[in-house]
Amino acid sequence: MTFLMTPMKKRCQIINNTNKIHKNILSLINNSGFQDETAQIRAKSILSEFLEEIPTTEWNYVARRVLRNITSVTLDLENIFREKNVENEDIINAAQKCALIWEALSTLGEFTSKEFANINAAINYELAGFQANAMCIAKKFNPDIYITQKPSLLDMLSLFLQRRFFKLLYLCRKALKEPIKGKNQANPLMEEIIIGLTAKAFTELMFFFLKGDFKSFDNATKFLRHSRDLCNKFGLYNESNLILSIISILQPIKKRSIWYLLGDLAPGKPLWIRYLKLLARGLGTSIFNGRSISELWKSQIYAIENGLFNLDENKFIKMPTSAGKTRIAELAMVYSLVNYPESKCIYIAPYKALVSEIFQKLLDLFYDLGLRVSPILGAYESDEFEKILFQETHVIIITPEKLDLLFRTSPKFFRDVRLIIFDEVHLLHDSSRGVKFELLLTRLKRKLSNTRFLTLSAVLSEVVLEDFAIWFNSSPEKDLLISNWRPSIQRFARFDWFGVKGKLRYMPEKDLKILEKFLPNIITQKRYEYRNPQTGRINRPLFPDIRKGKAQTAAELAYKFSEIGAVLVFCTAPKSVKATANALLRKLEILTLTKQNIPSYFFGSEENLSYILSKEWLGKDHYVTRALKKGIAVHHGKLPDPVRTSIEKDFRQNKLHVIIATNTLAQGVNLPIRTIIIHSCRRYLDNKSVPISPMDYWNIAGRAGRAGEETNGLIIHIIINPNDEKDFKFYYKKKDSLGMIRSALFEKLIDLIQNRIQPEELATLLDPEILAILAEENPDQITMDFIQNIMSESLVQKQALRSNISISKLNNVIFHLAEEIKIKIPENDLLSLYSTTGLSSDSCLNIHANIQSNSEILQDLLMNSDERQLDDIIKFVFPSILALPEIQPRNEFTGNYIKLVKSWINGFDIRIILEEFEEYLNTYEELGKFIDDLIKYKLPWGISSYIHIATEILEIQPEDISLFIKFFPSMVKFGVPNPIACWAMSLGIPSRSLAIKIGISFQESQNEITYEKFLEWINTISIEDLENIYNLDGALLEDVGKIILYSGTNPYLKKYKEINNFLPKIIDVRGIYYNNRKFIVAQIKLKDEVMIIRDYDNIVDRNAIGIKWSNQLIGYIPKEIAQIIAPEVDSGIVLTGKVVKIDKSKNIPSIKIQLSISP
């Protein structure tokens, strides 16, 4: 390892005049000559990432001078941070600028080693509070901990900066081992001692971060200073410099640590301390490979300092994408649940992909806290098991439509809701969903006086946030939390064709204007030649062929920029997604036929979960499946939910490198993306080409440069024609001024005033919402005062006041609509009943009339039906449902609806269904679109509404409804033939065939068939059962294993306070019956000692703890016990075990051991 040598006197001097050193740093950082030279270096490094030849005529910087100056500033910065707590923002910003320069120097490698430049970049990022960027840089000198025999200081620093604490502890143990004679002749003894002392320092630091032991932090500092003194004494100056750099970052890290900021926040609350320990050990599947959440980011600290934990104050948060908003929401939820243990939290996410992402992010953490988190997707269809989830869940992640249904059907549930979080709240502007969402929030606000509201957005303007604050009776001055801080830098560029050459033009940026000068060639149209293996003829295709539209250009760019990181190609329509995916497949085909090298990530893997599920749901020949086989992900709203979700999982795990998507993924979802390519920004509405809003555009573009994965991101807008040029200029102009957005209901008010919408048309739209308001408010009579009182609490009222517009016309429409509804439905009980469906009043009346006409037959069906009555149910229920306006499918289908539904419910393979109906639905896309729209969404909504109204009208008690009928809407939704299979699907089992198989196993093994019993039963299925009984392996085994693991609740966690009160405990050894472990157990005797070892390699249970006897695995600690004690073991507690009971009388012996804390 080579370091730039600097005088020890410079490194060791004590700075007496802080102001002077501050002035020196800022003088150099702000020097115009220095800024010009460093800007050139940064621009050159950016271009070098994707250009084989960099222009040489533009550079006039002197690399040695820049290196000398930046080294001097860095040394001064480190000295300042070592000596005092730095709060001067100018100095902190100087550290960030230094980090950017060092990072550029590491890319170029001019007059300095890349290793040295990377170390300094990472250290400066740490000093500046950009620890996510330091993690990215530290990955560049990441050690292989298994190959490394004797760790170096740099190896340990790399893992520390990455916050991979368990890998670091493993490395430290290696460093602390006594040298083996004859193996370490190359290393002088003093170097061994210094490395050992540093390893002790890092070990002490781990104890501070993992359990909040501040004494360990002080010990670590002492060990480092002692190690540095030895370095100086024996002339090891490079090592001394590196240790001084480590010492300089300790105080800033400590001040950002969760223990420093949050440790004393909830005294006497064991759950809060457990939460901090869980954060500190890291999240995700693998604790050993994961990163610790040991500190908070600047944005999160800002939120805390500005009242995030004030439980009686609403907060309205605007921060850029990837600035840490989800962690802020998580902190608020856990703090609320800690202080109100019997309460619940609701997280509203407007898109399925976002619901899935938030659920995955929270699942591990909340599971280990003993708190249940559940995603509730869909719209107004009602599932019986959802009612159970509502009662047992602490955190519900839910779409607005599902929340509306919950509020209509289970208002009592909301008595316990203390916190509601709205993510991507700009949905209120959405023309199709915004009106319902605004009126829902208005209703919630009126009824939930004890509930706190937290809104999150990356794109709303401050003016709109002020409207929100006023709407929720909060203070714009105090309750708006606005921060522009984000870890990664984003660059924006346009792509144009100049003849056969495609060039990239960077847009002006304040910090790097020099980039505008360059117009680099990025891609080139190329004529390939190969012999067609099928025809034997010579083919000479041109690729990309710009005459064929944007797809090939987007594909070529995606291929090019995948070299420097993951790529998202954004398209506004599924057909564009398909065209781009096929173009990229064609590119790979051409490269294969011309025998050119292809990056390994384009070989994909048939073992990926997304490929396995796509093959099941879509077939192996579908373009999505073929793309996934080549490592290319496709994501749009017409794909089956299990396929979409698995694609998101695989992409987050870096198993896929390029993703082509519509806004089903791009809006709100955070993925590890380096480059976003804008293929299109127009969509067709009412047969017109309409550009997406600037807010949506920049919300999508903001996904480039994921914190912790990249230090910078790039957005490329493809320009092919004059419309593209026009759109590009429009969005670029709007980048920093997205302007005022108006609620969808306010837009309807304007349409009403300007006669673009008739009162009758608006009344039809508002009918279900006004029906719900009448049911909730239950007024004695409808008056204008009543309507005005309700609407005075709406967002439209606040925005109308700002615009000096009267909402009287809107109030008149609502007043007359309310009167009409009350005349049609005078009974309050019926109002309440109908409002629970989400249907219009007329649709409910039509269902009611049909029920009365078939009352006797329906009563028998509702109480006694099973699979044998499927035809009768369809015959009497479906016709009236399919006649409702809300249930009409978007796309025409001339085949037999009933036959299609029956094939779907019976669990037939998608390919078989397509073959059966191919004359009506020619492609998987058409079939999937029709099933998603009618069968999985609208029909379950209509069926559940019908059943709910029927049971009330016919006075059937809930316990008298047959199990088949209770879960029939879910069976239709999931496409499975019995309630048990749909229970499995509701937990997240991604395969219909596997869900059916699980259902059969449950029925064959249990006498009592209830959802509660099913949850108990499925939670007993082990990973070995999934392998041996259900024949699962690979990604599907891992995915299903986690789903089952998280399906249960742990009764021990509800009572758990601290480890000393929980242990010692006598426990069973689980898993003896697998892998011939019974033969090992046969040798064990009473009172034998057993080893307790953490199983960090377990692919399903991150808390797994194994039990060994004579160094052989005999089984595992029960998972409900392991879940409690694993975090304690991870933070340093050592456990012992002793055999206290053995029963060898049966074929599979059983053992009990006493588990204790080692003294």
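Derivation of every value follows stated rules applied to the coordinates shown; laboratory data play no part. Predicted, not measured: the structure shown is a model, and the values here were computed from it. Virtual Cβ from ideal backbone geometry, glycine too; neighbours counted across all protein chains shown.
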query = Which whole-number percentage describes the relative contact order of the chain, with Cα contacts under 8 Å and a sequence gap of 6 or more?
reply = 9
query = In the range 464-621, with Lys and Arg counted as +1 and Asp and Glu as -1 at Cβ, which of these residues, Ala555, Pro544, Pro533, has the Cα nearest the positive end of the dipole, that is, farthest along it?
reply = Pro533
ask   = Measuring from label point to label point, each 7 Å out along Cα→Cβ, what is the Lys735 to Phe234 span in nm?
value = 5.3
message = With a cut-off of 8 Å between alpha carbons and a minimum separation of six or more residues, what is the relative contact order of the range 489-733 in percent?
response = 22
ask   = Ranking Ile660, Ile1072, Ile101 by Cβ neighbours within 10 Å, fewest first, what do you get?
value = Ile1072, Ile101, Ile660
request  = Work out the FRET efficiency for Glu192 and Phe214 from their Cβ-Cβ distance, taking R0 = 35 Å, and round it to the nearest 0.05.
outcome  = 0.75
ask   = Given the Cα atoms of the range 744-828, and with Rh set as the inverse mean 1/r over their pairs in the Kirkwood sense, what is Rg to Rh to two decimals?
value = 0.96
task = Provide the FRET efficiency to the nearest 0.05 for the Glu916-Glu725 pair, computing r from the beta carbons and using R0 = 51 Å.
result = 0.60
query = For the range 1051-1157, how big is the tail of P(r) above 24 Å, as a whole percent of Cα pairs?
reply = 20
ask   = Could you give the angle, 0 to 90 degrees to the nearest 10, between helix 841-853's Cα long axis and the longest principal axis of the Cα atoms of the chain?
value = 50
ask   = Please report, for the Cα atoms of the range 489-733, the Rg to one decimal and the Dmax as a whole number; what are they, in angstrom?
value = 17.7, 56
key: Mean ellipticity per residue at 222 nm, deg cm²/dmol - from DSSP H runs of n ≥ 4 across the chain, formula -39500 (n - 2.57)   = -15500 deg cm²/dmol
inquiry  = Whole percent per 5 Å bin, from 0 to the bin with the longest distance: what is P(r) over all C-alpha pairs of the range 304-400?
reply    = 2, 12, 22, 25, 20, 13, 5, 1, 0
key: Computed lengthening from Ser449 to Glu392, 0.36 nm per intervening residue step minus Cα-Cα distance   = 18.2 nm
remark   = Subtracting the Cα-Cα distance of Lys139 and Glu777 from 0.36 nm times their residue separation yields 223.9 nm
task = Grab the Cα-Cα distance for Glu827 and Lys1138, subtract it from 0.36 nm times how many residues apart they are, and report the gain in nm with one decimal.
result = 105.0 nm
GluC sites (Glu not before Pro) restricted to the range 292-375 and DSSP loop, no more than 10 other C-beta within 10 Å = Glu342
task = State the answer as a single residue: which of Thr1136, Trp1109, Ile1084 lies farthest towards the positive end of the charge dipole of the range 1048-1159, with beta carbon charges of +1 for Lys and Arg and -1 for Asp and Glu, about the Cα centre.
result = Ile1084
note = Distance in Å, no decimals, from the C-alpha centre of the range 809-871 to the one of the range 1000-1031 is 38
inquiry  = Using Cα-Cα distances under 8 Å and only pairs 6 or more residues apart, what relative contact order does the range 297-482 have, in percent?
reply    = 33
remark   = On the formula 1/(1 + (r/R0)^6), with r taken between the Cβ atoms of Ala1082 and Lys222 and R0 of 45 Å, the FRET efficiency rounded to 0.05 is 0.30
query = Over all distinct alpha-carbon pairs, what is the Kirkwood Rh of the range 1-141 in angstrom?
reply = 15.6
inquiry  = Averaged across orientations, what area in nm² does the convex hull of the alpha carbons in the range 632-675 project?
reply    = 2.9
ask   = So what's the projected area for the chain, the Cα convex hull averaged over all directions, in nm²?
value = 50.1
key: Label zone at Thr18, where the point sits 7 Å out along the Cα-to-Cβ direction: the range 238-267 residues whose backbone N lies under 15 Å   = 251-252
request  = Mind ranking 1085-1092, 564-571 by how tightly packed they are, going by the mean number of other C-beta atoms within 10 angstrom, highest first?
outcome  = 564-571, 1085-1092
ask   = Along the charge dipole of the chain, Cβ charges K/R +1 and D/E -1, which of Ile715, Asn69, Asn864 sits furthest on the positive end?
value = Asn69
key: Ile538 versus Leu51: modelled label distance in nm, points set 7 Å from Cα along the beta carbon direction   = 3.6
inquiry  = Let me understand the range 841-1045 better: what is its radius of gyration from the alpha carbons, and its Dmax, in angstrom?
reply    = 18.2, 54
ask   = Can you give the Kirkwood hydrodynamic radius of the range 297-482 from its Cα pairs, in Å with one decimal?
value = 16.5
Those residues of the range 211-246 whose amide nitrogen sits under 19 Å from the label point placed on Asp264, 7 Å along Cα→Cβ = 211-218
ask   = Angle between the Cα long axis of helix 63-83 and the longest principal axis of the chain, 0 to 90 degrees, nearest 10?
value = 80
note = Placing each pseudo-label 7 Å from Cα in the direction of the beta carbon, Glu115 and Ser855 end up separated by a distance in nanometres of 8.8
request  = Take the Cα pairs of the range 378-493, get the Kirkwood Rh, then feed it into Stokes-Einstein at 4 °C and 1.567 mPa s and tell me D in µm²/s.
outcome  = 81
query = Under a point-charge model restricted to the Cβ atoms of Lys and Arg (+1) and Asp and Glu (-1), what is the dipole moment magnitude of the range 1-141 relative to its Cα centre, in debye to the nearest 20?
reply = 600
task = Could you line up Glu126, Glu563, Glu710 from fewest to most neighbouring Cβ atoms inside 10 Å?
result = Glu563, Glu710, Glu126
query = Using +1 on the beta carbon of Lys and Arg, -1 on that of Asp and Glu, and nothing else charged, what's the dipole of the chain about the Cα centre, debye to 20?
reply = 5180
